[in-house]
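What follows is a short report on a single structure.
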Amino acid sequence: MGLISGLLALLFGGGRNVVRETTEIFRENAESAAQRTTALRSAAMVQFGAEFQVPRKGGFDRFMDGLNRLPRPALALGTLCLFLAAMIDPLWFAARMQGIALVPEPLWWLLGVIVSFYFGARHQIKAQDFQREINQTVLQAPEVLANLATIREFREDSPGIADTRSDAALTEAVIQADFNPALEDWRRLRAA
C-alpha cells in the first residue's frame, strides 16, 4: 500500500498533476485555449472601439466617412439593377452594353487598377476576363432578341397562333372532332 500511495503522491501530489502536464505538451488544454481566445477577442474589440472614440470635428469628416462607405453597396446594387434592366428592357440594356464594348482597353485597365487598389489585392486578370465575358454576352444580344420575338409569337392573343400552316395531317386532326362521352351525355341531357 505504501508503494502505491507513494507512486500516486509522486504523480499527483504537491498540487501537481504530472499526467496532465505531460499531456499538455502534446495536446493543447482546451480551457486555457478558450481563455486565451476570449482575452484576444476582448483586446481586439477594445481596439476597434477606440477607433470610434475620436470625436469628429466637422461636417467634412462625417462626409468623408459616408463617402468611404458608398462604393461596395453602390457596386452591389448597381449590378442587381443591371440584371433587372436586362429583364425589363433588353433593347435598352443591349444598347448600354454596346456602349461599354466601345470603351478602350487602357481605360478598362485603369478602372481595374482603381477597383483593385480600393478593394485590396484584386488581380487585374479577373477584370480582363470579366470584360471578355461582357463582350461575349453582348454578342448574344441579337439571338436573345430573336428568341423574344419568337416567344411573343406564341402568346395566346397573337393572331394566327392556331394556324396549322401547310401541315395537312395537322389540319385534318384539328378539324375532326374527338369522341367525348361526357360531352355526348351533356348534349343528351340538354336535348331531353
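The values are calculated or read from the model by the stated rules, or taken from the named source; none is laboratory data. Treat the numbers as computed from the prediction; the structure is a model and nothing was measured. Please note: Cβ atoms are built from the backbone with ideal geometry, for glycine as well, and neighbour counts cover all protein chains shown.
Numbers at a glance
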item	result
Some residue of segment 8-15 being surrounded by 10 or more Cβ atoms within 10 Å (Cβ to Cβ) and modelled with pLDDT of 75 or more	no
Leu67, sole failed condition from (1) surrounded by fewer than 10 Cβ atoms within 10 Å (Cβ to Cβ); (2) closer than 23 Å to Thr137 by Cα	(2)
Filtered residues of segment 154-192 (kept if surrounded by fewer than 10 Cβ atoms within 10 Å (Cβ to Cβ) and at pLDDT 85 or above)	Pro181, Ala182, Arg188, Leu189, Arg190, Ala191
Search result, residues across segment 104-117 that are modelled with pLDDT under 85 and either out of contact with any helix residue (DSSP H, G or I) (no Cβ under 9 Å at 6 or more places or on another chain) or under 23 Å from Phe83 (Cβ atoms) (or both)	Gly112, Ile114, Val115, Phe117
Per-region count, segment 84-118, residues more than 25 Å from Leu148 (Cα to Cα) and surrounded by 13 or more Cβ atoms within 10 Å (Cβ to Cβ)	7
